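The values are calculated or read from the model by the stated rules, or taken from the named source; none is laboratory data. Because the structure is a prediction, the values reported are computed rather than measured. Cβ placement follows ideal geometry from the backbone for every residue including glycine, while neighbour counts extend to all protein chains displayed.
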Amino acid sequence: MVRVLLHAKIHTGNRTIPDGFIRFNKQIISVGPFNKYVRLPKDQIKDVSGITVVPGFIDIHTHGGYGADSMNPDPEVISHFVDQMAQEGVTSVFLTTMTQSALAISKSMANIKKAAEINPKIQGIHLEGPFISPAHNGAQPIKLIQPMDVKKLATWYKLSGGLIKLVTYAPEENVGSPAWKIIVTFIIFGWQLAIAMRPTNCFKTFKSSMSPICIMPNVAFITGRLG
């Protein structure tokens, strides 16, 4: 089935079409001004005059919703709450973990992998913890915070089926460590790095423990202190 919305105001992300059409099924097939629309035999059209259409929102930090958690042991439950988010316009998510034991995180990686096989709206995993600062743990359980461990990251990446896309990490907790190994790991796996730290520590940390030339291209954002 191919659906077509007509006379919508469409924001594509690159331009705005005041009076446009959008043809889609599971994916968008074509977008353009209404005066360029040519009806095809399989088109099921709907006039949506007065409606504004925008690209789906991408949520790269969600711990759950609708009574469920991103680390829920049931992939069907995870998939269901992601579907509920779609009703609010969120069409792609990075399910976000909490600081937990290595075993709990391993199980979560496998469960999210299964959920993503069910639900294509699950586009990745944001690993928030356990490699954060005990001094600024926010809502994360302090007793489960761990030093950066590249081997654990590699194991979780494999269990997730390559879904880990973003890792929150406190570099000031690893001053003096062989940071190049961590950076090379992020580059090899194509991860983005979210630095969870107090802003006043940023320059000091980069200067003392990491090369800005190496890390900055792979830093997605600096989150500031967690708590």
ask   = Which condition does Tyr37 not pass, out of (1) among the hydroxyl-bearing types (Ser, Thr, Tyr); (2) outside the structural domain of Lys143 (by TED's automatic domain parsing); (3) at pLDDT below 95, if it passes all the others?
value = (3)
task = Report whether or not His80 is within 13 Å of Lys121 (Cβ to Cβ) and of a type outside the set (Asp, Glu).
result = yes
ask   = Can you find a residue in the stretch 62-74 that is without any contact (Cβ under 8 Å) to a residue 12 or more places away in the chain, surrounded by 12 or more Cβ atoms within 10 Å (Cβ to Cβ) and under 19 Å from Ile125 (Cα atoms)?
value = yes
key: The one condition in (1) of a type in the set (A, V, I, L, M, F, W, C); (2) assigned to a helix (DSSP H, G or I); (3) under 30 Å from Pro134 (Cα atoms) that Phe94 fails to fulfil   = (2)
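Of all residues being assigned to a loop (DSSP other than H, G, I, E, B), of a type outside the set (A, V, I, L, M) and without any contact (Cβ under 8 Å) to a residue 40 or more places away in the chain in the stretch 116-148, which is surrounded by the most Cβ atoms within 10 Å (Cβ to Cβ)? Just the residue, please. Even if it seems obvious, please write down each step before you answer.
Residues of the stretch 116-148 assigned to a loop (DSSP other than H, G, I, E, B): 119-121, 129-133, 137-141, 145-148.
Applying the additional criterion that residues be of a type outside the set (A, V, I, L, M) yields 119-121, 129-131, 133, 137-138, 140-141, 146-147.
Going one step further and asking which of them are without any contact (Cβ under 8 Å) to a residue 40 or more places away in the chain, we end up with 120-121, 129-130, 147.
Values: Pro120: 12, Lys121: 19, Gly129: 25, Pro130: 23, Pro147: 10.
It comes out as Gly129.
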key: Residue list for the stretch 61-90, filter: within 11 Å of the chain's Cα centre (by Cα) and either among the hydroxyl-bearing types (Ser, Thr, Tyr) or not assigned by TED's automatic domain parsing to the domain that holds Ile112 (or both)   = Thr62
